[in-house]
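The block underneath contains the structure these notes are about, expressed in structure tokens.
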Amino acid sequence: MEMQQFYYDNKIVKKFIYATLIFGVVGMLVGLLLALLFLFPNLTEGISWLSFGRLRPLHTNAVIFAFVGNSMFAGIYYSLQRLLKARMFNDFLSNLHFWGWQLIIVAAAVSLPLGYSTSKEYAELEWPIDIAIALVWVVFGINMIGTILRRRERHLYVAIWFYIATFVTVAVLHIFNSLELPVSAMKSYSVYAGVQDALVQWWYGHNAVAFFLTTPFLGLMYYFIPKVANRPVYSYRLSIVHFWSLIFIYIWAGPHHLLYSALPNWAQNLGVVFSIMLIAPSWGGMINGLLTLRGVWDKVRTEPVLKFFVVAITGYGMATFEGPMLSLKNVNAIAHYTDWIIAHVHVGAMAWNGFMAFGMIYWLIPRMTKGTLYSSKLANFHFWIGTLGIILYTIPMYVAGFTQASMWKQFNPDGTLMYGNFLETVKEIMPMYTMRAVGGTMYLIGMLVLVYNIIQTVRANKKVQDELAEAPELQKIGNARIKGEKYHTWLERRPIQLTIFALIAILIGGIIQIVPTIIVKSNIPTIPSVKPYTPLELEGRDLYIREGCVGCHSQSVRPFRSEVERYGPQSKAGEFVYDHPFLWGSKRTGPDLLREGGKFNDNWQFNHLWSPQSISTGSIMPSYKWLFDNKPMDLSLTQSKMKAMVKLGVPYSEVQVTNGLIDLKTQALKIEDNLKSDPDFVKSYEESRKRAEAKGEVFVPMHEREIVALIAYIQRLGTDIKVKVNVK
């Protein structure tokens, strides 16, 4: 049989690795800044684009899609070529994928701090960037599938199954969750509303973790662990069970993020059942990875790459045991909305994804540069300081979560809340936030050590070049199964059929959960008293989204005595029918706001947003002084926003849309009049007018500023459902 010579494309792998290093540092620096903002909330006071609410989605997107994403692509491009014994299908597509992905990351890094956000977790980017993501993802898929079809290796190795499932599932998730109605070049509204939007979002959110942060890294595990250990994978049969059960079951588990919410109980219970089932395939994969290392544990003690891999797989096992446990309703009642969840997700991100990426980079760079690693001692130092950083980050967050849950639920003998003031909990967990910042700093130091070690390795060794390889051409044998050939063995040489079966496996759960919730109206009973937002409230809601308030405040009251006593009646599905998007949140750094409307007067809300600490001693909420700036809020899209809402089913009449700006001004003037009931406000207002006139500036009346719109939205929250409140 004639041998064919060809070159593996190492240069594209190098590009993705370098991008991983750059964006890893950036993403972790932003994360550290966010940790410091918990301790010093006014550290970036007055700088809108450095506020916590705008930086939080930047951190999550930078770590997930820039750091983890680039490392994933580096590993896939390296392993795929060698497993298929073929160069990537098209060099132009490889480079288009790389540069397109980096441009998307830059677009995110610019747009998110500027406040262009949909507010949907892990999917905050606006519609033009969403389209770009879809296009670049298709480029990646074409390049991968094209390489598979021109392969010189007959059977598809287990890692490639996971790569295929990653491609098809992420495409489906991204497209359906990102269905939006554009209003302008950088503003859109989700086509789903309320409960439906929540279900689709967490179908995406949970499975973005599954199919962007888990399945591709399991593929990398199946390739790199045997390579580094120089041993075959422990169990081929277990890998088959692991793959098919994981991709089928995972897609059902999204509703466990919405337990005790307004989501129909049948959907919640389905999520719980399949989440518990996830333990089996997840731990099957972990066991397969760890047992592949049997017989080489002496090597683990001395080889830093294997150390990273062992901790990564262990972190995967911990996170995938904890996840199903958190989906149990009695556990979820304690953990949800607390820092326990922050600890949980960082075990996965820092240990599983981070350490897999680090180990992979330490192994790849010396091989691609035809030399040795600059310093194994530095790599070992990175391992230990990184491991210690994970411990010092996560353990305080677990403690903080338990503290929050227990304090929120405590009652006095007379039936009143023991800790009625939310800030009592915040003050109690501040030491844990300090430790979190220390742990994050240590992890970042490890990242910087990696960067230095890789730079020195590249300098000392040869330039990365494409690698010469040799393999025989694949001989065609037809589609029929060979006598005695097992079904899965046949499937492994039929990539199209494998892809179709994987697509079917992941679609079943999504269809069964989402379609009935969208089509069957009885799942979302309406409430006659719930009305659409006024034009001013709609603008205020968009400001709430722009400033990332949903990152710290929930809008969902669960059916617990403690929450009903603290916040008011539990959430009802019909309350959210006009919410595009939903804003239930996933973390309570501050109190729930679903019933906030009317609890305090307009002056309180005004002063609280100007200086939270002056109103609530010990608050870690930042000030929003740019909302008070002497400039008019942008109302150029108000009527377009109302028209878009009409298309989405919100019952604005033609008269309401036509008179939208008039109604907005009327409501804004009323709020300004309410503010003038405070002599201190009147005094400072007149002083600011005089200062503006002295500078020759045009003075913008308070009713035309952004702060009035945000107050209008906050004062509307929950008022459609009659709740007795004491206005202060």
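Observations, loosely collected:
- The chain: angle of helix 638-647 to the longest principal axis, Cα-based, in degrees nearest 10: 60
- In terms of distances greater than 25 angstrom between alpha carbons, the cross-link table entries LYS299/LYS370; LYS15/LYS462; LYS670/LYS690; LYS599/LYS647; LYS329/LYS531; LYS377/LYS463 yield LYS599/LYS647; LYS329/LYS531.
- Shape analysis of the range 543-667 yields a ratio of the Cα radius of gyration to the Kirkwood radius, Rg/Rh, of 0.99.
- Angle between the chain longest axis and helix 69-84 axis [Cα atoms, degrees, rounded to 10]: 20
- The range 517-573 - Kirkwood radius from inverse mean 1/r over Cα pairs (Å): 14.0
- Largest first, the extents of the alpha carbon coordinates of the range 234-314 on the three principal axes equal 53, 25, 13 Å.
- Taking the inverse of the mean 1/r over every pair of distinct Cα atoms in the range 351-398 gives a Kirkwood hydrodynamic radius of 12.0 Å.
- The trypsin sites (Lys or Arg not before Pro) found in the range 301-389 that occupy coil by DSSP, while having at most 16 further C-beta atoms within 10 Å, are LYS370.
- Hits among aspartates and glutamates - C-alpha to C-alpha of LYS14 under 20 Å, sequence gap 8 or more where chains match: ASP91, ASP466, GLU467
- Taking a straight Cα-Cα cut-off under 24 Å and skipping sequence neighbours fewer than 8 places away in the same chain, the lysines within cross-link reach of LYS476 are LYS85, LYS486.
- Divide the volume of the convex hull around the Cα atoms of the range 134-279 by the residue count and you get 134 Å³ per residue.
- Rounded to the nearest 20 debye, the dipole size of the chain about its Cα centre is 2200 debye, using +1 on the Cβ of Lys and Arg and -1 on the Cβ of Asp and Glu.
- Taking a straight Cα-Cα cut-off under 12 Å and skipping sequence neighbours fewer than 8 places away in the same chain, the aspartates and glutamates within cross-link reach of LYS643 are GLU654.
- log10 of Debye I(q)/I(0), alpha-carbon scatterers only, for the range 598-728 at 0.09, 0.10, 0.13 Å⁻¹: -0.33, -0.40, -0.67
- Positive-end extreme of charge dipole, the chain - chosen from ALA253, SER117, TRP266 (charges on Cβ): ALA253
- Only helices enter this figure: runs of n ≥ 4 DSSP H residues, each worth -39500 (n - 2.57), summed and divided by the residues of the chain, yield -20000 deg cm²/dmol at 222 nm to the nearest 500.
- Cα long-axis angle, helix 91-111 against the chain (0 to 90 degrees, to the nearest 10): 20
None of the figures in this text is laboratory data; all of them are computed from the coordinates on show. Predicted, not measured: the structure shown is a model, and the values here were computed from it. For neighbour counting, all protein chains shown are included, and Cβ atoms are generated from backbone atoms with ideal geometry for every residue, glycine included.
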